[in-house]
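Chemist: The structure's right below; bear with me while I get my questions together.
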Amino acid sequence: MNTALEVTLRLAGVLAAFLILPLLVGQMEHKAMAHMQARLGPMYAGGFHGWAQLIADGVKFVQKENVVPAGADRTVFQLAPGIALIPYLVVLIVIPLGPGDLVGQSLDVGLFFVLAVMSVGVLGTLMAGWASANKYSLLGGLRTAAQLMAYELPLILAASSVAMAAGTLSLQGIVAEWHPSWLIWQLIGAVVFFVAGLAELQRPPFDMPVADSEIIFGAYTEYTGLRFALFLLAEYAGIVVLSALTAVLFLGGWQGPFADQLGWLWMLLKTMALAFLVIWARVAYPRLREDQLQKLAWAGLIPLALLQLAITGVIKVL
């Protein structure tokens with residue numbers, strides 16, 4: 001009975017984090033972009049510093065009608081938002097939030113599990129593009145497929161260098177083996193992992209699949225109301241997962257002063273700091289062209305990831 005209660009409480013905690021953290025990142029994006037771009041709109045809703053902007057957005061989506069195009073594959077069209085969102089909830093279950101048992105479910109192959117499940121989330125965008133019966137949506141889906149094939153490899157190679165350095169695929173084990181020197185000799189892998197993760201999430205400057213100036217809003221063009229809101233929630237959940245995973249693999253996760261008592265706080269601070277970098281990149285850099293995207297992946301990130309693997313191998317042997 002105690003075991004069942006413990007599992008229930010852990011899953012409830014993961015679900016609460018899944019519901020709260022993406023909303024916090026969404027609110028942070030509103031405010032950060034408002035300051036960086038002098039956009040006054042998000043500063044008015046609710047009075048002080050526009051605290052109710054996120055609530056206003058939620059009410060707006062709830063009030064909108066959920067429309068399914070007449071020529072769409074209705075079943076696939078309706079399933080796509082859930083396919084895009086649920087994998088990030090599953091991933092959060094195995095990401096350690098602190099020392100000891102402060103994790104939904106500890107797996108010996110946690111890193112392998114995370115990388116496998118994160119790949120499934122992109123299928124939601126592909127399904128949305130194919131099922132919408134809209135040529136712009138289909139183009140967005142095809143761009144997503146090309147982006148997935150290009151950036152999945154450097155993402156996995158960069159994560160593999162960390163697994164090699166730690167000697168384990170367990171995320172808890174990786175954090176336990178982490179050393180501050182990794183900030184130097186794993187730096188290349190950290191940059192490759194974070195940039196490839198941005199591309200996997202289709203975040204600016206890698207947002208070609210949803211380029212509003214070219215293909216309206218890509219795979220999501222025909223979505224309205226709560227279904228569209230689920231895609232947005234999936235995007236912010238993806239930012240949380242990418243930031244948390246980067247913190248675990250390259251920044252020591254919950255490690256820090258008084259980690260036994262404040263480990264969860266260090267993990268939260270590192271995750272939110274990396275989420276801010278994701279938002280900052282959206283404001284600071286223009287969208288890449290398709291040829292630039294492919295060149296960056298195949299001629300830039302993949303060689304760097306292989307170099308990181310070689311460096312890690314040499315250091316482990318010596």
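Chemist: Within the group I188, I156, I174, which residue is at pLDDT 90 or above and within 17 Å of S119 (Cβ to Cβ)? Outline the logic, then answer.
Modeler: Working: I188 fails: within 17 Å of S119 (Cβ to Cβ); I174 fails: within 17 Å of S119 (Cβ to Cβ).
Answer to the check: I156.
Chemist: Also, I was wondering about something else. Taking the residues in the stretch 119-171 that are touching a Pro at 6+ places or on another chain (Cβ under 6 Å) and in a helix (DSSP H, G or I) as candidates, determine which candidate is nearest to V195 (Cα to Cα).
Modeler: Among those residues, the one meeting the criterion is T144.
Chemist: For the stretch 254-318, which fully contained helices (runs of 4 or more DSSP H) count at least 3 residues that are over 23 Å from the mean Cα position of the chain (by Cα) and loosely packed, with under 13 Cβ neighbours inside 10 Å?
Modeler: On the way: elements: 259-284, 290-295, 302-317.
Correct list: 302-317.
Chemist: So P209 clears everything in (1) in a helix (DSSP H, G or I); (2) over 25 Å from G71 (Cβ atoms) except one condition, right? Which one?
Modeler: (2)
Chemist: Here is a further query. Spot the failing condition for L277; the list is (1) more than 27 Å from V67 (Cβ to Cβ); (2) touching a residue at least 40 places away in the same chain (Cβ under 8 Å); (3) touching a helix residue (DSSP H, G or I) at 6+ places or on another chain (Cβ under 7 Å), and only one is missed.
Modeler: (3)
Chemist: Ok, one more. Have a look at A237, A196, A219 and point out the one that is assigned to a helix (DSSP H, G or I), touching a Ser or Thr at 6+ places or on another chain (Cβ under 9 Å) and touching a residue at least 24 places away in the same chain (Cβ under 8 Å).
Modeler: Sole residue among the options that is assigned to a helix (DSSP H, G or I), touching a Ser or Thr at 6+ places or on another chain (Cβ under 9 Å) and touching a residue at least 24 places away in the same chain (Cβ under 8 Å): A219.
Chemist: Then there is this: I need a count of the residues in the stretch 258-303 that are of a type in the set (S, T, Y) and within 23 Å of D212 (Cα to Cα). Explain how you work it out, then say what you get.
Modeler: Here is the first cut: in the stretch 258-303, the ones of a type in the set (S, T, Y) are 271, 285.
Next cut, within 23 Å of D212 (Cα to Cα) only: 285.
Of the residues in the stretch 258-303, 1 are of a type in the set (S, T, Y) and within 23 Å of D212 (Cα to Cα).
Chemist: Follow-up question, since we're still on this one. Cβ-Cβ below 9 Å, separation at least six or inter-chain, first residue in the stretch 13-33 and at positive phi, second assigned to a helix (DSSP H, G or I): which pairs?
Modeler: none
Chemist: When both residues are 6+ apart or on different chains and their Cβ atoms are under 9 Å apart, which pairs have a first residue that lies in the stretch 178-192 and is touching a residue at least 24 places away in the same chain (Cβ under 8 Å) and more than 17 Å from L242 (Cα to Cα), and a second that is aliphatic (A, V, I, L, M) and in a loop (DSSP other than H, G, I, E, B)?
Modeler: If the second residue must be aliphatic (A, V, I, L, M) and in a loop (DSSP other than H, G, I, E, B), the pairs left are W178/L251; W182/L251; L183/L251.
Chemist: Scan the stretch 92-114 and report the pairs whose first residue is surrounded by fewer than 20 Cβ atoms within 10 Å (Cβ to Cβ) and whose second residue is assigned to a loop (DSSP other than H, G, I, E, B) and of a type in the set (A, V, I, L, M), with Cβ atoms within less than 7 Å and a gap of 6+ or a chain change.
Modeler: Q105/I93; Q105/V94; L107/V94; D108/L169; V109/L169; F112/L169; F113/V94; F113/L107
Chemist: Suppose the filter is assigned to a helix (DSSP H, G or I), surrounded by fewer than 19 Cβ atoms within 10 Å (Cβ to Cβ) and β-branched (V, I, T); does V191 pass it? Full working, then the answer.
Modeler: Working: assigned to a helix (DSSP H, G or I): yes; surrounded by fewer than 19 Cβ atoms within 10 Å (Cβ to Cβ): yes; β-branched (V, I, T): yes.
Taking the combined requirement at face value, the residue satisfies it.
Chemist: Separate question: State yes or no: is V114 under 26 Å from L293 (Cβ atoms), within 16 Å of the chain's Cα centre (by Cα), modelled with pLDDT of 85 or more and of a type in the set (A, V, I, L, M, F, W, C)? Give the derivation first.
Modeler: On the way: under 26 Å from L293 (Cβ atoms): yes; within 16 Å of the chain's Cα centre (by Cα): yes; modelled with pLDDT of 85 or more: yes; of a type in the set (A, V, I, L, M, F, W, C): yes.
For V114, the condition - under 26 Å from L293 (Cβ atoms), within 16 Å of the chain's Cα centre (by Cα), modelled with pLDDT of 85 or more and of a type in the set (A, V, I, L, M, F, W, C) - is met.
Chemist: Name the pairs: first residue in the stretch 240-251 and touching a residue at least 24 places away in the same chain (Cβ under 8 Å), second residue among the aromatic types (F, W, Y) and surrounded by fewer than 24 Cβ atoms within 10 Å (Cβ to Cβ), Cβ to Cβ under 7 Å, at least 6 apart or on different chains?
Modeler: If the second residue must be among the aromatic types (F, W, Y) and surrounded by fewer than 24 Cβ atoms within 10 Å (Cβ to Cβ), the pairs left are T246/F194; F250/W182.
Chemist: Moving on. Sort through V248, V240, V210 and tell me the only one that's β-branched (V, I, T), over 20 Å from V120 (Cα atoms) and within 17 Å of the chain's Cα centre (by Cα). Steps first, please.
Modeler: Values: V240 fails: over 20 Å from V120 (Cα atoms); V210 fails: over 20 Å from V120 (Cα atoms).
On inspection, the qualifying residue turns out to be V248.
The values are calculated or read from the model by the stated rules, or taken from the named source; none is laboratory data. Just so you know, these numbers come straight off a predicted model, no measurement behind them. We place every Cβ from the backbone using ideal geometry, glycine too, and count neighbours over all the protein chains shown.
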